[in-house]
């Protein structure tokens with residue numbers, strides 16, 4: 001198939017793993033952030049909003065550099081994590097996942113926030129008067145009703161993760177087998193003689209993956225929206 | 001027991017509501033923006049007031065001073081919102097059970113099967129809210145709130161977004177709920193109809209303040225609450241029991257009568273409240289005066305009061321020349337026979353009928369003519385056998401003669417006349433007393449004398465008639481702004497249109513204007529005009545409402561009785577009716593159209609009754625087809641000015657009560673009774689014609 005070798009499959013698998021892990025790990029945080037921004041009033045809300053959206057407007061390289069400074073082995077956070085928990089991000093695939101998560105986070109938050117804002121708050125109020133605590137109402141009413149937005153946000157973040165380049169290469173470098181995701185590999189092939197063939201093959205894989213992700217997103221969104229109306233005709 | 005005392009500012013709006021009410025259903029009433037929803041939100045715990053406390057039964061839900069604020073999920077307050085707010089991702093069954101699952105089993109006393117049955121939800125259980133109609137959604141919402149096992153049910157305008165048939169359907173369900181589930185309900189509405197039907201105690205809110213608390217009977221209809229309740233919403237209440245249905249009407253019995261109204265409502269045997277429609281039969285008993293103001297009465301109540309109190313005036317003799325149009329006070333019997341003697345009805349010959357037997361054109365019989373009888377110049381002496389007397393119409397028939405042969409059947413010779421017609425005895429003779437016998441009744445009491453009636457009286461030798469005295473009507477115009485026509489006026493002043501109009505109307509109804517006084521707003525002068533003797537009916541124009549310069553209602557109440565103040569009709573709702581001594585007093589609104597309408601409905605009727613005339617509308621009526629719809633509202637009588645185009649009738653631009661020109665342009669008016677919402681295009685209606 002396209003003449004892909006074990007090396008290429010490794011790259012694809014790593015990319016999928018990085019994107020998937022970054023999506024899953026950032027999802028709860030993104031939902032909480034979106035809920036807080038949509039429903040709560042707290043001091044510094046604007047600042048939080050701005051920080052969440054920063055990766056959207058900053059050059060990815062700057063984000064990667066910031067991650068390197070903060071979470072590198074000698075960075076203020078990275079050293080603490082390493083010393084206390086033995087967690088290391090720098091130059092590991094988890095670092096690539098973290099970079100993807102940071103870059104995809106605003107996209108996810110935006111989508112979820114929009115769908116939460118669209119929920120009639122009075123439904124939550126009604127649920128409270130029926131005896132639901134704030135958290136139960138969140139899980140039983142808000143979350144199911146926000147599902148289309150959550151799916152859309154997750155898929156956007158996943159796709160962003162598959163394509164992440166700048167922050168990843170800055171933060172975790174391009175280490176074959178560890179941090180060499182699809183875009184990094186394609187870039188590396190284009191930098192060597194006779195690398196055009198493999199680069200093209202991987203590019204086609206990237207296109208296919210993107211299309212599949214988009215289609216899956218569309219299908220899931222439709223399915224979840226159908227929850228809101230009776231499917232009996 | 002619901003005890004609410006809350007204080008909260010929202011910008012310029014200051015909500016400060018304090019009331020305590022104990023009733024199966026407490027109606028929280030007020031116009032939009034009155035603060036109703038803020039109050040229920042505070043009760044439900046959705047909004048936190050700055051100050052005060054909220055207590056339900058013995059449970060303190062909120063107390064600002066001691067910082068008690070029970071979370072909404074722990075208040076056990078069932079809340080039914082205006083739009084049902086069902087959870088769209090759950091089916092009806094899951095919606096119903098949402099709250100129930102969250103209550104510990106020990107607190108569950110309302111069972112799903114019961115509620116599903118009570119609200120007729122069984123066929124809906126597996127449907128999603130998106131597929132339900134508005135009424136179905138609201139029923140599910142009510143069931144969901146009940147199954148959360150609440151201590152109290154809050155319903156915030158639950159019918160506001162439904163159409164009329166759905167409203168009625170849901171009201172039925174809520175009534176069943178009230179009677180069967182026995183859970184206290186706070187019912188929020190801006191509709192008097194709903195409050196009147198459901199609530200026992202009413203709390204009236206206006207501008208964030210509680211302006212009245214009391215039983216539904218005592219609060220609905222208080223005129224001083226009109227700004228809070230709304231003009232078109234006020235009504236009077238009758239408690240009645242449903243006795244029968246036919247296909248359109250529901251009959252309800254109450255103490256003192258029976259009413260029939262549209263058939264949307266309760267089952268037979270159910271006792272409920274009914275906003276009484278206009279009907280001519282009975283009056284609602286009971287004192288309508290309260291707190292110095294009168295209830296806004298139904299038109300029928302006002303008419304019944306007038307009919308009880310507008311007693312016919314005494315008699316007065318009047319010369320025949322002035323009698324036309326007056327009302328006879330006593331029956332007239334004939335003092336003599338008419339005619340007073342047997343008289344000829346034809347010019348011809350008086351003779352004995354029997355002697356003409358066999359006479360014909362071919363066999364004329366000869367009679368000797370012995371003389372002649374003229375009107376006022378009778379034939380002296382009896383008629384010999386075989387003879388005739390020449391006689392003129394109206395002349396007395398000579399003794400012995402019993403018939404008259406018309407002149408055309410007689411051929412006069414020198415001394416004899418040849419008769420060519422056989423006449424039976426009695427032919428062409430008007431016998432004495434044939435028209436009217438002595439002592440026979442000629443005209444009945446209460447008869448309004450027509451020209452020919454007066455002629456008849458004259459023919460009987462009657463020179464003067466005993467008629468009902470003409471009601472003496474005093475017209476009192478109040479208002480500092482009113483100036484007589486012809487005088488100079490400042491721009492802010494207005495000419496007195498009402499008294500000129502009232503004079504014409506009074507004359508039409510048989511009254512005489514005793515005096516006409518323009519008094520400004522000086523209470524002392526108005527009091528004097530009200531209490532001075534000499535008037536049978538007093539019409540007060542202007543100052544009848546509840547404004548600061550509206551003294552007349554108070555003055556009437558002080559000097560006598562203000563029986564009715566405020567009538568559920570349009571225009572002229574603030575009309576007042578009362579009496580001081582023997583005089584009936586009508587407070588007519590200053591707006592000319594309202595004044596005309598109130599006069600026609602009430603004052604004119606009283607003047608006619610006092611003058612011995614028929615109480616009914618004096619206007620000629622005709623039928624016409626509605627060409628543009630006539631809009632009214634249930635619970636209100638409308639006096640709608642209309643124009644007639646061919647056989648069609650259409651309403652004139654309505655609204656402005658002071659637009660007198662509308663009554664000039666109008667050909668007449670249509671009355672929309674209070675149980676009707678108006679007439680659609682194509683309806684055949686009775687039009688009262690202005691003449």
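The values are calculated or read from the model by the stated rules, or taken from the named source; none is laboratory data. This is a predicted model, so every value here is computed, not measured. Cβ coordinates were reconstructed from backbone atoms using ideal geometry, including for glycine residues, and neighbour counts include every protein chain displayed.
General remarks:
- For the range B:649-657, the criterion of being in contact with a strand residue (DSSP E or B) (Cβ under 6 Å, 6 or more places away or on another chain) and in contact (Cβ under 8 Å) with a residue 24 or more places away in the chain is satisfied by at least one residue.
- Any hit, the range A:215-224, residues being within 14 Å of another protein chain (Cβ to nearest Cβ) and either over 29 Å from residue A:10 (Cβ atoms) or part of a helix (DSSP H, G or I) (or both): yes
- The listed residues are B:102, B:96, B:125, B:121, and the only one of them that is within 30 Å of residue A:119 (Cβ to Cβ), more than 10 Å from every other protein chain (Cβ to nearest Cβ) and in contact (Cβ under 8 Å) with a residue 40 or more places away in the chain turns out to be B:96.
- Residue list for the range A:80-101, filter: surrounded by fewer than 23 Cβ atoms within 10 Å (Cβ to Cβ) and touching a helix residue (DSSP H, G or I) at 6+ places or on another chain (Cβ under 9 Å): A:81, A:87, A:88, A:90, A:91, A:92, A:93, A:94
- Any hit, the range B:535-542, residues being touching a strand residue (DSSP E or B) at 6+ places or on another chain (Cβ under 7 Å) and modelled with pLDDT under 80: yes
- When A:90, A:127, A:101 are screened for being touching a residue at least 24 places away in the same chain (Cβ under 8 Å) and either assigned to a helix (DSSP H, G or I) or within 13 Å of chain B (Cβ to nearest Cβ) (or both), only A:101 passes.
- Within the range B:324-348, residues that are without any contact (Cβ under 8 Å) to a residue 12 or more places away in the chain have Cβ atoms under 9 Å from residues that are outside any loop (DSSP other than H, G, I, E, B) and surrounded by 19 or more Cβ atoms within 10 Å (Cβ to Cβ) in no pair, counting only partners at least 6 apart in sequence or on another chain.
- Considering the range B:370-447, the qualifying strands (runs of 3 or more DSSP E), each wholly inside and each with 2 or more residues that are over 30 Å from residue B:466 (Cα atoms), run over B:387-391, B:403-406, B:410-412, B:416-419.
- Taking the range B:62-90 as the range and being away from chain A (no Cβ under 13 Å) and farther than 22 Å from residue B:184 by Cα as the test, the residues that pass are B:64, B:65, B:66, B:67, B:68.
- Residue that is surrounded by the most Cβ atoms within 10 Å (Cβ to Cβ) [pool: residues in the range B:101-120 that are part of a helix (DSSP H, G or I) and over 51 Å from the mean Cα position of the chain (by Cα)]: B:107
- Those helices (runs of 4 or more DSSP H) of the range B:520-611 in which 3 or more residues are under 22 Å from residue B:638 (Cα atoms) and either touching a residue at least 12 places away in the same chain (Cβ under 8 Å) or within 19 Å of the chain's Cα centre (by Cα) (or both) occupy B:592-598, B:604-610.
- Count of residues meeting criterion [within 30 Å of residue B:553 (Cα to Cα), without any contact (Cβ under 8 Å) to a residue 40 or more places away in the chain and in contact with a strand residue (DSSP E or B) (Cβ under 8 Å, 6 or more places away or on another chain)] in the range B:455-486: 4
- Looking only at residues of the range A:6-38 that are out of contact with any helix residue (DSSP H, G or I) (no Cβ under 9 Å at 6 or more places or on another chain) and over 20 Å from residue A:48 (Cα atoms), we find that the one that is surrounded by the most Cβ atoms within 10 Å (Cβ to Cβ) is A:10.
- Here the range A:63-79 is the region considered, the condition is being free of Cβ contacts under 8 Å to residues at least 40 places away in the same chain and assigned to a helix (DSSP H, G or I), and the residue that is surrounded by the fewest Cβ atoms within 10 Å (Cβ to Cβ) is A:76.
- The residue pairs whose first member lies in the range B:42-61 and is within 14 Å of another protein chain (Cβ to nearest Cβ), whose second member is surrounded by fewer than 18 Cβ atoms within 10 Å (Cβ to Cβ), and whose beta carbons are closer than 7 Å, counting only pairs six or more residues apart or on different chains, are B:45/B:70; B:45/B:71; B:48/B:69; B:56/B:151; B:61/B:55; B:61/B:70.
- Residue within the range B:25-37 that is within 48 Å of the chain's Cα centre (by Cα) and within 13 Å of chain A (Cβ to nearest Cβ) present: yes
- Within the option set B:504, B:511, being at pLDDT 85 or above, closer than 19 Å to residue B:470 by Cβ and in contact with a helix residue (DSSP H, G or I) (Cβ under 9 Å, 6 or more places away or on another chain) holds for one residue only, B:511.
- Residues satisfying the stated conditions in the range B:177-190, i.e. surrounded by 15 or more Cβ atoms within 10 Å (Cβ to Cβ) and farther than 19 Å from residue B:43 by Cα: B:177, B:178, B:181
- Of all residues in the range B:596-610, exactly one satisfies the criterion of being within 8 Å of residue B:509 (Cα to Cα) and in contact with a strand residue (DSSP E or B) (Cβ under 8 Å, 6 or more places away or on another chain), namely B:607.
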